[in-house]
Structures are given as structure tokens and as C-alpha cells.
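Comments concern the structure below.
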Amino acid sequence: MSRLATTLAASLAAWSLAACVAVPVDPRTGLPVAWQTPVPAAQPGQAAPVAPPPPASPPAPVVYTARLYPVNDVANRAGMLTGVVTDGHGGRGTFSVSYLGDTMQGEASRVEPTYPGFGRIHREVLGVANVQTQGPRGIANAVGARGINAQCEYVLSGPSRGTGACLFSDGARFQLHFG
């Protein structure tokens, strides 16, 4: 009986591992590394085979500069700010801005038209009842080491262009322009 059980266990283990394959993964992209198939040598009288082109690399992130213009007295202490948005091409990116000597860092994300609460920052910062939301839109948030945070909303008006508003936790209000 034990010989049958041992044979059965060994067969089951071999069968279950028969389809396992180790696939190398590119640590930068998290995608499987493409296997390079060797190109056979040309036979006499035949044209040399052409190797296929290497797989396309993912697009490099795009960096946008955002200008934040003060809209109230609290924001006037800092003056115009310059923020940097690095778009990772997946609807998400990083957002950073320097505010009163503190580098604030966070992220920016595109949001759907049905995103709950979109327009609240625009209304609060700019005092407008209706927010123009034609075009793709997004949100950005950042926080600094001193505990101040920023919440921003933006609407894209064209490729790499848009406007928005930012509300800082200390009461500073800014109008945002980029592109």
C-alpha cells in the first residue's frame, strides 16, 4: 500500500509541476522580458533572415510645469508658486510644489466625469457657482513635512494645457495654470 501511495504522490507532484515556467520580469516596468529568438544563419543561395525589431519600450514620463497664482492674503505670503506634475501615462502621476520653504509631494490622477465632489475646490477657491468641466479632469494632492497639505482640481483644455484651483490646509488659495 505504501509503495502505491508513494508512486501516486510522486506522479501527482510531477504532473502538477509540468506546466510551471519561470518568466524573467523587467524590474523597471514589471512586464515579462521578451525572449530573443536566435536568427538562423542563411543557407547558400538564400537571402539572410532579418531579425524582428526589439519590443517597443514604454513611453517616458512627461513633466509638466504648473503655475499657482495666489487668490487671497494667506497665499500672497508665498507669492506665485511653481509645481511639477510628472505624468506616468496611466492616468496617474506625481505632484510636487514648494510652499514657504517646505517641499510638498503627492500625486495627481485623472478622474471620471462622475467623480464625487469634483468642483468643490473650484467653488471654494474661486467663488464660482458653476465650474466649467468640459474636457478631461483630475485631482492632485500633496503634503509637506510641516503638516500643510494641498488639494487641487484641474480641467484639461487641450493637450498638456489646463486650469484649476488649489486649496491649502492653512487657508491659502491658488488658481492653477499649466501648459
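The values are calculated or read from the model by the stated rules, or taken from the named source; none is laboratory data. A quick note: this is a predicted structure, and the numbers were derived from the prediction, not measured. Cβ placement follows ideal geometry from the backbone for every residue including glycine, while neighbour counts extend to all protein chains displayed. All accessible areas refer to the heavy atoms of the entire protein, side chains included, with ligands and DNA or RNA removed. Shrake-Rupley method; radii C 1.70, N 1.55, O 1.52, S 1.80 Å.
How about segment 134-157: which of its residues are assigned to a strand (DSSP E or B) and on the phi > 0 side of the Ramachandran plot?
None - no residue of segment 134-157 is assigned to a strand (DSSP E or B) and on the phi > 0 side of the Ramachandran plot, so the list stays empty.
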Whichever residue in segment 107-133 is open to solvent by less than 30 Å² (accessible area, probe 1.4 Å) and either part of a strand (DSSP E or B) or among the charged types (D, E, K, R) (or both) and, among such residues, is farthest from Gly179 (Cα to Cα) = Val111
Residue that is farthest from Ala145 (Cα to Cα), among those in segment 75-95 that are open to solvent by 50 Å² or more (accessible area, probe 1.4 Å) and aliphatic (A, V, I, L, M) = Met80
Assess whether Arg67 counts as being more than 14 Å from Ile139 (Cα to Cα) and touching a residue at least 12 places away in the same chain (Cβ under 8 Å).
-> yes
Give Leu12, Leu8, Leu100, Leu4 a once-over and let me know the one that is at pLDDT 90 or above, out of contact with any strand residue (DSSP E or B) (no Cβ under 9 Å at 6 or more places or on another chain) and more than 23 Å from Pro136 (Cβ to Cβ).
-> Leu100
Please give the number of the condition Leu68 fails out of (1) open to solvent by less than 80 Å² (accessible area, probe 1.4 Å); (2) part of a loop (DSSP other than H, G, I, E, B); (3) closer than 20 Å to Gly171 by Cβ.
-> (2)
Reported set for segment 96-106 where residues are loosely packed, with under 13 Cβ neighbours inside 10 Å and at positive phi is Gly101
Residue check: is Gly83 part of a strand (DSSP E or B) and within 27 Å of Pro59 (Cα to Cα)?
-> yes
Being open to solvent by 50 Å² or more (accessible area, probe 1.4 Å) and under 16 Å from Asp102 (Cα atoms) is the filter; apply it to segment 148-169 and report the residue that is nearest to the chain's Cα centre (by Cα).
-> Gln151
